[in-house]
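Take a look at the structure set out below.
The values are calculated or read from the model by the stated rules, or taken from the named source; none is laboratory data. Since this is a predicted model, take the numbers as computed values, not measurements. Neighbour counts run over all protein chains shown; Cβ positions are idealised from the backbone, glycine included.
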Amino acid sequence: MIAVRELYNDALKCFNEGRYNSALVLSYAAIERLALNGNIKGDDLGYARMLFASFQSGSEIDPASVEELLHIIEGFLETGKKEKVIEAKPFFVVLLFILGGLIASFFVKINVLWIDAIRIPAIGFTILLLIVSFKTKEGTVHRGDIKDREE
């Protein structure tokens, strides 16, 4: 998965070297990636799509237009929006595990043997959630498409 920041950095490098067509393609890919995540909409997305369509039809690309696309991406990256993917509270996960164990034990006690096929994967999944919640900062994992990196 290519991060938006990496696409932006590569597009900026191409722009500074005078390769405007390459910068346009990379900028457009970054904007489409942001649009897939629902982070960019409306006029900015429409402008990027119109510019890319004219590039595909063979029109000459103005460097100022490519620079404007780079500013759109840069503005998004500066805001630092991130999406929460997993927010696991260890207490509730343990409570869910205990409740599931009690219900499964009840079914086993009344001789429903197939419940073991459900109980064992449920225990494994709960342990996995606990590991993820303890390893992540404040129980939150951020989507991998935008990474904060020191440059």
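Among the residues of the range 55-73, those that are surrounded by 14 or more Cβ atoms within 10 Å (Cβ to Cβ) and either within 20 Å of residue 5 (Cα to Cα) or out of contact with any helix residue (DSSP H, G or I) (no Cβ under 7 Å at 6 or more places or on another chain) (or both) comprise 65, 66, 67, 68, 69, 70, 72, 73. Taken as a whole, the range 76-97 holds at least one residue that is at pLDDT 70 or above, of a type in the set (Asp, Glu) and within 30 Å of residue 4 (Cβ to Cβ). Summed over the range 3-54, the residues that are outside any helix (DSSP H, G or I), modelled with pLDDT under 85 and surrounded by 13 or more Cβ atoms within 10 Å (Cβ to Cβ) give a count of 4. The residue pairs whose first member lies in the range 82-110 and is within 20 Å of residue 121 (Cβ to Cβ) and of a type in the set (Asp, Glu), whose second member is exposed (fewer than 13 other Cβ atoms within 10 Å of the Cβ) and modelled with pLDDT under 70, and whose beta carbons are closer than 9 Å, counting only pairs six or more residues apart or on different chains, do not exist in this structure.
Let's see how each residue does on (1) closer than 13 Å to residue 72 by Cβ; (2) of a type outside the set (Lys, Arg); (3) in contact with a helix residue (DSSP H, G or I) (Cβ under 9 Å, 6 or more places away or on another chain):
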| site | (1), (2), (3) |
| --- | --- |
| 17 | no, yes, yes |
| 20 | no, yes, yes |
| 25 | no, yes, yes |
| 32 | yes, yes, yes |
| 38 | no, yes, no |
| 44 | yes, yes, yes |
